[in-house]
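Contents: one structure, followed by commentary.
The values are calculated or read from the model by the stated rules, or taken from the named source; none is laboratory data. As the structure is a computational prediction, the values presented were derived from the model and not from experiment. Here the Cβ positions follow ideal geometry from the backbone for every residue, glycine too, while neighbour counts run over all protein chains shown. Side chains included, ligands, DNA and RNA excluded: accessible areas come from the protein's heavy atoms. Shrake-Rupley method; radii C 1.70, N 1.55, O 1.52, S 1.80 Å.
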Amino acid sequence: MSLFLTNSGLIVFAGLTSALKLNAQPWTEKSALPAFLPGSVSTTEPRIEQVLMFTTYSLWNTAHPGQIVLSQTVIQRALPILASHHYDFIATRTIGAPDGFEKSLILINGVFPGPLIEANWGDWIEVKLTNNITGPEEGTSIHYHGLLQTETPWYDGVPSVSQCPIAPGSSFTYRFRADTYGSSWYHSHVSAQYSAGMFGLLIIYGPTHVSYDVDVGHILVSDWFHKDYFAIVEGIVGNTTEGRIQPSNNTLINGRMPYPCSGAPPGSVCNSSKASYTEYKFETGKTYRLRVVNTGAAGIQYFTIDGYELTVVAIEFDEIEPYNTTTVTLGVGQRSDVLFTPTSKSSNSSIWMRTLQSGLYCARSPQNREGRAIIYMDNAPTGVLPNTTAWSAPVDDHTCANQPLDLSVPYYAMKLPEPSTTYYLTINQYLNETGHQLYYMNGHSFRADYNDPLLLLTQEQNLKSPINPDWNTVNIGTNTSTRVVITNNNTSPHPMHLHGHDMYLLYSGMEPWNGTVVKPQNPQRRDTHNLVPFGYMVFQFDNNNPGVWPFHCHIAWHLSQRLYLNFIERPYDVKSIEIPMTMKQTCKDWSAYSSKNIVDQIDSGL
Ligand SMILES: [Cu+2]
């Protein structure tokens with residue numbers, strides 16, 4: 001870690017570090033990760049210049065830097081000094097047993113979880129994704145969760161919106177800026193493909209407002225399903241009640257957690273001795289930064305470390321005033337950065353780290369609701385399981401709610417602007433006449449048209465009615481800040497995710513909104529929020545990012561059942577942007593592929 005003094009005070013830049021991990025029995029080799037290329041210029045001097053440049057343009061301390069639309073001038077001036085990081089990703093279908101149970105997986109470069117993408121704030125990230133998925137072939141894409149994609153909306157990775165799917169045998173190169181910083185992940189956005197393993201971690205290092213000794217990197221927490229993802233989706237979108245109930249089989253931390261093979265169905269291949277816990281080696285008295293991310297398909301996770309409070313310092317890409325808690329609640333797609341300082345009470349012993357799926361409406365796991373990892377302190381003997389006691393499970397009030405909005409105070413204060421428009425959206429779930437269960441938002445049930453990305457149609461100013469109602473679009477035109485009031489007429493919680501923006505969260509609860517904004521001088525901001533069953537949420541977003549931006553539930557199965565909407569933002573500014581030919585090439589390739597092959601789009605497509 002290096003310290004840089006700037007004219008706006010002390011800024012600490014966390015360097016590019018590797019996580020301190022001890023994995024006793026890795027089931028894939030870490031060396032299979034692609035080499036991390038630091039780029040042509042990544043010495044400390046330009047880095048200072050980079051920070052100064054951002055401060056010069058008032059991007060520091062006045063607001064969260066990532067919220068600012070960078071002008072072309074800034075980008076061009078910054079270009080020569082910013083590093084560029086290239087990743088070569090190849091997606092394939094394979095068989096593997098992360099938890100001991102053998103199943104079909106779709107992986108990037110053959111590793112699970114996928115390779116780490118890391119960069120410093122302001123750098124460029126380039127990902128060449130080659131689609132080698134066979135048996136059967138499928139289209140694919142990658143979405144970089146939470147990045148704003150300012151001035152590069154065509155690299156947001158959503159088929160039918162920002163691109164066509166990458167056809168089997170084809171490649172597509174994403175090139176975008178690390179335009180905000182913090183902890184996140186990337187994942188396929190084709191059907192529920194990511195739940196088969198096609199996701200990985202994304203860290204963008206930037207200034208930090210808290211001090212710590214070691215950046216541990218990501219702690220991925222997730223539910224895990226042993227059935228093939230396509231078979232699950234077939235059930236979810238089918239017309240039987242049994243098919244729609246798809247419990248998860250295990251709960252993983254960083255892709256690991258031995259599955260008790262006694263629960264495996266006859267005929268399956270299961271070997272617990274091949275599975276292992278994720279293991280860490282920590283030292284008493286040091287402070288560790290853990291970047292906890294829910295990369296699951298459905299289940300809300302409650303993350304804890306036995307006997308310790310955790311200090312939450314960031315939610316998603318927004319730093320907050322630190323607060324302590326025993327339990328960190330994460331819906332799918334949500335992240336929290338926490339600090340953990342083990343004390344002498346744990347010297348030379350080991351501690352369980354846990355993540356729990358719990359609650360009537362929140363959990364998807366009658367089997368193995370708890371994932372565990374081991375922290376070995378100091379010289380604790382490895383291989384001996386901890387005997388520490390878990391914190392009590394959260395009291396189930398049936399809401400699966402995130403922690404109260406006023407608990408998370410953004411470190412970089414932003415006052416809520418006056419909205420220039422307000423939309424009222426209702427989420428309903430119906431059985432249609434053929435007995436299939438579909439979600440509706442704003443009266444429509446989304447279905448992707450892989451061949452006709454909305455961003456291209458917007459750029460061609462080809463949005464005249466009647467636009468296909470299946471695309472569920474809301475054109476917010478030239479509004480400057482859009483407020484959205486959502487009613488959930490449904491027994492399920494929905495972690496609602498907005499692309500291309502942070503949401504200001506104005507209200508969340510079981511009662512209809514009475515117009516009172518929680519902390520209007522500095523409301524909580526994040527890109528994914530748990531909408532409670534039969535409850536309400538109110539959010540607002542600034543319309544400074546021309547493009548077409550998805551807003552959807554991040555429970556993979558609900559998205560398959562079409563809980564999705566597109567905001568078309570400043571379409572006349574989209575007209576003036578130049579979309580690279582490579583993006584249009586994906587559509588030519590996809591068109592050629594889909595004209596000769598049957599594309600089995602059984603769900604929303606996303
Ligand atoms: Cu949902």
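The rows are residues; the columns are (1) in contact (Cβ under 8 Å) with a residue 60 or more places away in the chain; (2) farther than 25 Å from Asp397 by Cβ; (3) in a strand (DSSP E or B).
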| site | (1), (2), (3) |
| --- | --- |
| Glu279 | yes, yes, yes |
| Thr284 | yes, yes, no |
| Leu290 | yes, yes, yes |
| Val293 | yes, no, yes |
| Thr304 | yes, no, yes |
| Val312 | yes, no, yes |
| Tyr323 | yes, no, yes |
| Asp337 | yes, yes, yes |
Quiz item: What is the one condition in (1) open to solvent by less than 40 Å² (accessible area, probe 1.4 Å); (2) under 24 Å from the mean Cα position of the chain (by Cα); (3) not basic (Lys, Arg) that Asp406 does not satisfy?
Solution: (1)
Practice problem: Kindly indicate the residue of segment 525-566 that is farther than 25 Å from Ser183 by Cβ and among the β-branched types (Val, Ile, Thr) and also nearest to the chain's Cα centre (by Cα) among those meeting that condition. | Solution: Val548
Exercise. Test Ile579 against the criterion of being farther than 24 Å from Pro417 by Cβ, open to solvent by 30 Å² or more (accessible area, probe 1.4 Å) and assigned to a loop (DSSP other than H, G, I, E, B), and give yes or no.
Key: no
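Test Thr422 against the stated conditions and say whether it is surrounded by 14 or more Cβ atoms within 10 Å (Cβ to Cβ) and among the polar types (S, T, N, Q).
no
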Quiz item: Can you tell me how many residues in segment 509-536 are within 16 Å of the ligand (Cβ to nearest atom), in contact (Cβ under 8 Å) with a residue 60 or more places away in the chain and in contact with a Pro (Cβ under 8 Å, 6 or more places away or on another chain)?
Solution: 6
Quiz prompt | Index of the failed condition, Tyr308 passing every other in (1) closer than 20 Å to Leu105 by Cβ; (2) out of contact with any Asp or Glu (no Cβ under 8 Å at 6 or more places or on another chain) | solution = (1)
Practice problem: Give the residues of segment 116-154 that are farther than 25 Å from Gly331 by Cβ and assigned to a strand (DSSP E or B), sorted by residue number. | Solution: Ala119, Asn120, Trp124, Ile125, Glu126, Val127, Lys128, Leu129, Thr130, Asn131
Quiz item: Which number in (1) within 16 Å of the ligand (Cβ to nearest atom); (2) open to solvent by less than 50 Å² (accessible area, probe 1.4 Å) marks the one condition that Tyr430 misses?
Solution: (2)
Self-check item: Tally, over segment 211-246, of residues that are under 22 Å from Tyr277 (Cα atoms) and in a loop (DSSP other than H, G, I, E, B)
Solution: 3
Exercise. Kindly indicate whether Arg562 is within 16 Å of the ligand (Cβ to nearest atom) and either open to solvent by 10 Å² or more (accessible area, probe 1.4 Å) or of a type in the set (Lys, Arg) (or both).
Key: yes
